[in-house]
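First up is the structure itself, then whatever we jot down about it.
The values are calculated or read from the model by the stated rules, or taken from the named source; none is laboratory data. Every value quoted in this text rests on a predicted model; they were computed, and no experiment measured them. Counting neighbours? That spans all protein chains shown, and the Cβs are built from the backbone with ideal geometry, glycine included.
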Amino acid sequence: MRSLNEFASAKLAELERANLRRRLVDTTRLDGIWALRNGRRVLSFSCNDYLNLSQHPAIKAAAIEALQRHGVGSGASRLVTGNHPLFAVLEARLARLKQTEAACVFGSGYLANMGIIPALIGASDLVLIDELAHACLWAGARLSRATVMPFHHSDLAHARALLDQHRARHGRALIATDGVFSMDGDLAPIAGLAALAECFDAWLMTDDAHGMGVVGNGRGSTFAASAMANGVDPAVPLQMGTLSKAIGAYGGYLCASTSVIELIHNRARSFVYSTGLPPAIVAAAIAAIDLIARDPAYAALPLTKAQAFTRRVGLPEAASPIVPLVVGDAETALEASRLLEAEGFLVIAIRPPTVPAGTARLRFAFTAQHPDDEIARLADIVRQRILTAPPQARAAPARGRQG
Ligand SMILES: Cc1ncc(COP(=O)(O)O)c(C=O)c1O
């Protein structure tokens, strides 16, 4: 159709003019940290494989063994014939790690959020969501057809004011937040949000995609919050996350009570109507969770490395393995990324709509195996050649949600 192609070309030209057009670039990961890109071997600070487990020999061996025994695909939705017994093993491990009664594994983190929220929340309900929450938490909230209200980033007073004003007009209420914010690396005020949820009869849901495996002794942001509150566990009845980052595999999950999980099996459309994960991926995730549970010292390494970087550059101390360097406009972020690539470092520029307009940034993701001397070299280049930009370009994140 001519009009369809004209529409697509015009949209692409618009994105190009704003420096917001994205392109796929072939990237071959050579091991946990090195990648081949644009014909060069580069040290990647843009993988969420925080523990480098996607390349771990024991985890690869678990996946290969399951692949040989059970084949490639699962063949059907889990409610039909795609529910390989390995799922029950994985879900028991997840529930034990997160100290919940039960867990449910989805095809991906995105699918989990698209399924969980509409299964629990409907048109007459209220969803309060952190304005910087991940796009798929927003997508799930919108799909529920509830009234969706963003609260200012990690601002408990604003969340309370919204609940004061609107809670009474709605049946059920959900408070949704990232546990570790994907583009900013900061931790949500989970204990405070749990107290608000308790006070207003709302349900707290955390998306711990970037907390699992790397904060709270590898158990995630709820456990980091508990450590900050002198061991008092905040009540987080809905702990969602992904198996595709620190776990090094693929898939999403929800840890919750048995009744909630059984309801999810019946009502979450992205669970009911989507094929189960391949058994090899499930086997890999089990092996990865075992490794994290056995070795919290290894799980602490990405944060330690991120903190060494922030200290050397002179940035606020990292709270997670994610360190943002906000530079302002998209072109400046692209230039900084190109400068680092020329030095052998892969640090992708993050631009709107992934982050709010005016807050394009470099996002550094530290992993367990990044060599200390390379981190020091990266930090020195950032300090000497990127931080010389005008200071307003590095202001705190502006208001606004992801697109
Ligand atoms: C905070 C957050 N939630 C959810 C997701 C989606 O998870 P997945 O990649 O497993 O779909 C991501 C990542 O991509 C994320 O950063």
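Annotations for the structure displayed:
- Any chance Val105 is surrounded by fewer than 20 Cβ atoms within 10 Å (Cβ to Cβ) and touching a helix residue (DSSP H, G or I) at 6+ places or on another chain (Cβ under 9 Å): no
- Of the residues Ser54, Ser74, the single one that is in contact with a His (Cβ under 7 Å, 6 or more places away or on another chain) and either in contact (Cβ under 8 Å) with a residue 12 or more places away in the chain or at positive phi (or both) is Ser74.
- Sole residue being buried (at least 20 other Cβ atoms within 10 Å of the Cβ) and in contact with a Phe, Trp or Tyr (Cβ under 8 Å, 6 or more places away or on another chain), chosen from Ile129, Ile121, Ile117, Ile190: Ile129
- Any chance Leu238 is within 13 Å of the ligand (Cβ to nearest atom) and in contact (Cβ under 8 Å) with a residue 24 or more places away in the chain: no
- Among the residues listed as Ala293, Ala297, the single one being surrounded by fewer than 23 Cβ atoms within 10 Å (Cβ to Cβ), of a type in the set (A, V, I, L, M, F, W, C), in a helix (DSSP H, G or I) and free of Cβ contacts under 8 Å to residues at least 24 places away in the same chain: Ala297
- Scanning region 67-78 for residues that are surrounded by fewer than 21 Cβ atoms within 10 Å (Cβ to Cβ) and either in contact with a Gly (Cβ under 9 Å, 6 or more places away or on another chain) or in a helix (DSSP H, G or I) (or both) yields Leu67, Gln68, Arg69, His70, Gly73, Gly75, Ala76, Ser77.
- Which listed residue is buried (at least 24 other Cβ atoms within 10 Å of the Cβ), in a loop (DSSP other than H, G, I, E, B) and within 16 Å of the ligand (Cβ to nearest atom), from Leu277, Leu254: Leu277
- Flag for Gln99 being on the phi > 0 side of the Ramachandran plot and not small (Gly, Ala, Ser): yes
- Elements of type helices (runs of 4 or more DSSP H) in region 100-189, at least 3 residues being within 16 Å of the ligand (Cβ to nearest atom) and at pLDDT 95 or above: 109-120, 135-143
- For region 304-339, the tally of residues that are within 14 Å of Asp184 (Cβ to Cβ) and free of Cβ contacts under 8 Å to residues at least 24 places away in the same chain stands at 4.
- Top-ranked residue in region 1-57 [being in a loop (DSSP other than H, G, I, E, B), more than 21 Å from the chain's Cα centre (by Cα) and among the hydrophobic types (A, V, I, L, M, F, W, C); ranked as surrounded by the fewest Cβ atoms within 10 Å (Cβ to Cβ)]: Met1
- Cross-chain or 6+ apart pairs with Cβ under 9 Å, region 170-184 first and surrounded by fewer than 22 Cβ atoms within 10 Å (Cβ to Cβ), then among the polar types (S, T, N, Q) and not in a loop (DSSP other than H, G, I, E, B): His170/Thr147
- Count of region 132-147 residues which are crowded, with 19+ Cβ neighbours inside 10 Å, of a type outside the set (Gly, Ala, Ser) and over 27 Å from Ala284 (Cα atoms): 2
- Flag if Phe200 is more than 16 Å from the ligand (Cβ to nearest atom), of a type in the set (Phe, Trp, Tyr) and farther than 28 Å from Ser270 by Cα: yes
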